[in-house]
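The values are calculated or read from the model by the stated rules, or taken from the named source; none is laboratory data. The shown structure was predicted, so the numbers you read here are calculated from the model rather than taken from an experiment. We place every Cβ from the backbone using ideal geometry, glycine too, and count neighbours over all the protein chains shown. Keep in mind that these areas ignore ligands, DNA and RNA; they rest on the heavy atoms of the full protein, side chains included. Shrake-Rupley method; radii C 1.70, N 1.55, O 1.52, S 1.80 Å.
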Amino acid sequence: MSRQNQKNREKSGPSPESARRQMEKGNAKEALKEAKLCYRADPCNDHQILLEQAFLFRIDQLYRFNQLDDARAVLHDLTAIKNVAAETITGIQRMQMLLNNQVSAAALSDNAELLTEVADRAVLDPSIPVPNQNDLPKQVQVVREALRLVEQGEDQSATDCLNEIPRSSPLSDWRLFVRGLSAFYQYDQERMLANWSRLDANRPAHRIAATLMRAIKSELPGSPSSGQSNVGEIADVKARDADRRLEIYQKDSSGNGILNEIVEFVQKANMRATYAAMKRLNGSKSPEHQQLYERLMDVFWRDSSRAESNSARTLLTRTLSPPLLDPHWNRLNAISADENLPIDEGPDESERCWRAYIDELEEMPFLASEQKEVITAVILEHIADLLKNVLDYLEDKIDEDPAEDWHFPPEADSRERFKSLYNRFEKNQEEVLLECTQQSVKLPEPFTRLISIYESQGTKLSLKKAESLAADLFSSHPGNLFASCWLIKRYCQIGKPQNARSILTDALTLRPRDATLNELRNYLSSQFICQHVQERQLTLANEEIERFAASQKVVGDTVLSQVYSVGIKLITSPETAREEIATLVEQSKEPCVIWLNLCRLVTDFKLSKNWRTEFDKPAREALSKELTAERAGEIARFFLSLRRNGHNYVGRVEHEKLFIKAIKPLSNSHRTIWAQEDLRDVCEFFLDRKDQKLIRRALLERGAKLFPSDAHLLFWYCRELMRLDSWRVNRIELSQMLRAAIRSHESGPRQLSPGDLKELKSLQKEVELHKPFFEKFFEAMGHHEFGGLFSDPDDFDDDDDDDDDDDDF
Amino acid sequence: MLLEHLQTLGLSLNATGEEIRNRYLDLVKQFPPEQFPQRATQIRCAYDFLRDPVHAWKEELFSTKPATSIEAIALELIPDIRSSRIPTDVLLSLARS
């Protein structure tokens with residue numbers, strides 16, 4: 001007994017309850033001690049009965065553990081006291097018979113239970129003499145012989161010899177067991193269960209069978225189930241004990257001595273001893289041991305890469321031979337550098353280590369050259385990812401409003417330093433992505449990223465490079481949606497819509513319901529109209545307009561097709577056209593969109609500049625009028641349709657400026673009644689406007705509050721919040737909003753694009769990662785509302801319109 | 001990680017996509033899920049990992065979390081209890097309590 005237990009007992013004193021509890025737990029020795037103390041303290045009748053029960057319990061346990069001499073000694077002590085309980089006298093007689101081998105045939109014939117016990121005991125322990133009752137000694141011999149035969153694999157002989165045991169014999173349980181055992185080794189589940197399910201659950205054969213069943217992750221009917229009663233608990237302990245015994249046997253017989261040692265050292269967190277055992281394993285020439293070394297090494301090096309201190313990594317790399325796929329530890333060093341990336345200094349160290357790893361791929365002859373190409377491309381993409389993370393961080397820092405960051409205001413020269421780093425890493429990212437695309441076409445992502453980079457540069461040369469990359473991507477991945485859409489738009493923009501037609505047809509065959517492709521189909525059709533008009537093939541143009549109008553009717557938007565029809569008449573019959581325009585404007589619920597479309601038409605159809613002057617004036621006037629939420633939605637949709645297809649017209653920049661100016665009062669007013677679609681489209685219009693941060697934030701905040709089940713509005717708002725200084729945002733609420741956005745995406749009518757969904761999930765991951773820290777922080781602050789998220793509405797007055805894009809393109 | 005899955009399918013590092021697929025189909029025939037659920041799951045899991053080489057190499061190169069644990073490897077390497085006959089004395093000792 002432990003000192004603590006002893007102290008506890010001394011404190012509380014001996015009690016009959018405590019003794020009974022020990023018996024219930026199966027602690028016979030403790031129970032006897034407690035009962036003796038109770039009896040010594042107060043030798044009353046109850047205490048004597050308890051003492052006799054504890055004695056018998058202890059004797060029985062010692063007998064079962066085969067500690068026969070000890071059992072006899074305790075039995076002697078029990079007989080020395082004057083016994084009072086009738087059960088004790090019966091128990092003493094039974095144990096005397098069992099322990100002193102004085103089991104008489106007469107006693108056995110009267111007591112079937114005792115006969116069974118003696119029979120079981122005789123099977124389990126051959127040293128015990130078996131009373132000559134009903135051929136019992138012979139039958140015990142048969143059972144043991146059958147067990148020996150099964151052990152030697154002679155299953156049929158074992159079954160044959162068991163026929164000698166009659167069904168009425170107390171050993172018939174063992175007959176079932178041996179038959180089931182033979183089936184167990186032969187993987188015959190059905191036969192095994194047919195025999196073992198008939199075993200008596202209180203006898204040793206059942207206990208052995210149940211243990212074997214658990215070893216093969218199966219269960220025998222009647223096996224102990226945990227936690228039902230104290231009896232169940234004791235049975236559980238016994239079962240676990242048997243399982244452990246079998247496990248030890250398995251381990252000892254498996255021949256994996258070193259592995260067992262390693263497991264033990266790992267469990268004790270003794271890494272020096274672990275690695276010493278690993279060294280011995282690696283020293284073995286056996287291919288199995290080499291394979292095992294690689295598997296274990298994979299676990300060790302990955303674990304060490306996450307360790308906070310360098311010492312774990314140092315111990316590993318200095319003690320052990322490197323794994324097959326990292327012969328100079330460059331990969332481990334690179335991953336460690338990734339984990340400790342200084343975000344404001346860049347991933348130079350990571351890149352150095354990863355490039356060293358790429359160089360050593362040549363030293364790995366077991367890899368095919370195609371695999372080396374893929375590995376190199378995968379690593380280069382990873383470096384580009386690291387650079388992108390740093391660029392995002394630097395971009396935020398450069399854009400940061402010093403007034404916003406009230407915790408850590410930036411130093412005066414830090415913005416310049418960030419800009420310089422940004423330029424360096426931006427160039428580096430472009431180079432790495434280009435290298436990656438040249439290495440392997442199996443990774444589409446670097447292609448799409450580089451195409452976007454070239455596109456954003458906007459020069460003729462960069463657009464040409466982007467086109468070439470998109471063509472490469474499309475030829476190796478014909479089903480790639482990004483490449484298809486990009487090429488369709490590109491061919492439309494450079495006046496080659498005929499090149500886009502086959503790409504669109506193929507893409508629509510694969511994804512007939514894709515919204516982007518269907519929008520592109522209309523855009524392509526409009527490009528054909530423009531091309532025919534520019535070439536003055538008006539009949540062809542009219543035919544295309546008819547087709548275009550038919551498809552537009554399906555989506556309920558006929559404005560553009562009507563404007564195109566008017567456009568043809570501007571060439572053939574200007575006066576008729578003017579009359580039709582007047583009718584169109586009169587009938588339209590938003591005349592501004594008609595004027596804007598007419599302005600666009602002048603560029604699309606290459607009409608005379610006079611027409612632009614004529615249409616631009618009413619367009620400006622309409623844009624300068626006070627906006628309603630509905631009108632704002634209509635106009636935003638017009639600009640969005642142009643932006644999605646990369647389409648432009650002379651005067652667009654000025655028109656957008658006027659629109660933004662008109663929107664300001666709406667974004668600032670809580671009285672505006674927004675329809676969900678209008679607000680969503682207006683918000684989308686502002687998403688890419690870096691110069692209109694405050695309006696965007698105000699609109700997004702309003703959108704998330706008014707329409708908390710709109711996945712797009714929630715996602716955009718959360719993304720906006722994440723761009724703010726993290727201390728100003730309540731991440732607990734943010735986490736709830738992100739979860740709501742995912743729910744809305746899954747159940748709502750308008751789903752997020754795959755790219756947006758990916759970004760949303762990554763935001764959620766980031767927020768969840770830091771949530772526990774913020775929960776503690778807010779708890780410490782004593783409140784959950786931590787300041788306003790956005791600036792005062794008056795700030796909008798300071799918002800500068802620094803959009804100085806040139807109208808001429 | 002990659003080696004772990006290759007070992008499950010009994011393939012070497014430079015196995016091609018076609019070799020991986022053929023080996024997977026052979027093993028599925030050899031270990032039908034109805035009879036060998038555990039082994040079949042392992043085979044499927046290994047094939048899912050290896051069928052996309054880009055994904056497989058990304059996991060192999062950058063994952064800091066091991067695919068398994070030392071204890072799991074040790075458990076896995078303990079042979080099936082039925083693969084050899086247990087000595088009778090060990091067997092009978094399981095009933096001792």
Between A:Glu113 and A:Lys690, what's the calculated FRET efficiency when r is the beta-carbon distance and R0 is 60 Å? Round to 0.05. 0.10
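For A:Arg743, A:Arg697, A:Arg631, write out the residues from largest to smallest accessible area, computed with a 1.4 angstrom probe and no ligands counted. Intermediate results must be reported in sequence, preceding the final value.
Numbers: A:Arg743 140, A:Arg697 10, A:Arg631 40 Å².
Largest to smallest exposure gives the sequence A:Arg743, A:Arg631, A:Arg697.
Please give the per residue accessible area of the protein assembly as shown, computed with a probe of 1.4 Å over protein heavy atoms only, in Å².
Numbers: 46080 Å² over 906 residues.
In whole numbers, the protein assembly as shown has 51 Å² accessible per residue.
How many Cβ atoms of partner chains, on average, are near each residue of A:638-647 if near means within 10 Å of its Cβ?
Whole-number average of other-chain Cβ neighbours for A:638-647 is 0.
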Between A:Glu677 and A:Arg644, what is the label-to-label distance in nm when each label sits 7 Å out along the Cα-to-Cβ direction? 1.2 nm
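Note the buried accessible area between A and B here, summed over both chains, with a 1.4 Å probe, in Å² to the nearest 100.
So the total buried area for this chain pair works out to about 5500 Å².
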For segment A:470-545 and segment A:629-684, compute the distance between their C-alpha centroids and round to whole Å. 26 Å
Helix A:414-439: angle to the longest alpha-carbon principal axis of chain A, degrees 0 to 90, nearest 10? 80 degrees
A:Arg144 neighbourhood, Cβ < 12 Å, K/R = +1, D/E = -1, net charge -2
Under the rule of -39500 (n - 2.57) per DSSP H run of 4 or more residues, summed and divided by the residues of chain A, what mean residue ellipticity at 222 nm is obtained, to the nearest 500 deg cm²/dmol? -24000 deg cm²/dmol
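Let's test the formula: R0 of 35 Å, r as the Cβ-Cβ distance of A:Glu746 and A:Ile216. What FRET efficiency results, to the nearest 0.05?
Details: r = 41 Å, r/R0 = 1.17.
The pair A:Glu746/A:Ile216 has a calculated efficiency of 0.30.
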Pairwise FRET efficiency - A:Arg536 versus A:Asn499, Cβ, R0 = 25 Å, nearest 0.05: 0.70
List the residues of segment A:56-75 that lose 20 Å² or more of accessible area once all protein chains are present, compared with their chain alone (1.4 Å probe, heavy atoms only, no ligands or nucleic acids). A:Arg64, A:Phe65
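Carbon and sulfur together cover what percent of the accessible area of the protein assembly as shown at a 1.4 Å probe radius?
Working: 22640 of 46080 Å².
Here it works out to 49 percent.
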Which of A:Trp354, A:Trp486 is most accessible, then next, and so on - probe 1.4 Å: A:Trp486, A:Trp354
Between A:Thr583 and A:Asp506, 0.36 nm times their residue separation minus their Cα-Cα distance comes to what? 23.7 nm
Report relative contact order for chain A in percent, whole number only (criteria: Cα-Cα under 8 Å, sequence separation at least 6). 4 percent
Mind checking the full-extension length gain between A:Glu621 and A:Leu706? Use 0.36 nm per residue of separation minus the Cα-Cα distance, one decimal, nm. 27.5 nm
Not counting ligands, DNA or RNA, and with a 1.4 Å probe, what is A:His328's accessible surface area in Å² rounded to the nearest 10? 100 Å²
Enumerate by residue number the GluC sites (Glu not before Pro) in segment A:249-356 meeting two conditions: DSSP loop (anything except H, G, I, E, B), and at most 16 other Cβ atoms within 10 Å of the site's Cβ. A:Glu308, A:Glu345
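Determine the sum of side-chain charges near A:Cys530: Lys and Arg each +1, Asp and Glu each -1, restricted to other residues whose C-beta is under 13 angstrom from that of A:Cys530.
Numbers: positive: A:Lys496, A:Arg536, A:Arg600, A:Lys606; negative: A:Glu535, A:Glu544, A:Asp604.
Net charge in that neighbourhood comes out at +1.
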Rounded to the nearest 10 Å², the accessible area of A:Asp200 using a 1.4 Å probe with every protein chain kept is 70 Å²
Specify the angular offset, from 0 to 90 degrees and rounded to the nearest 10, of the alpha carbon long axis of helix A:136-151 from the longest principal axis of the alpha carbons in chain A. 30 degrees
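Using the Cβ atoms and a cut-off under 13 Å, what net charge is assigned to the surroundings of A:Leu315, where Lys and Arg are +1 and Asp and Glu are -1? Don't jump to the answer; show the numbers that get you there.
Working: positive: A:Arg272, A:Lys279, A:Arg313, A:Arg318; negative: A:Asp303.
For residues surrounding A:Leu315, the net value is +3.
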A:Leu434, A:Leu469, reordered so the largest accessible area comes first (probe 1.4 Å): A:Leu434, A:Leu469
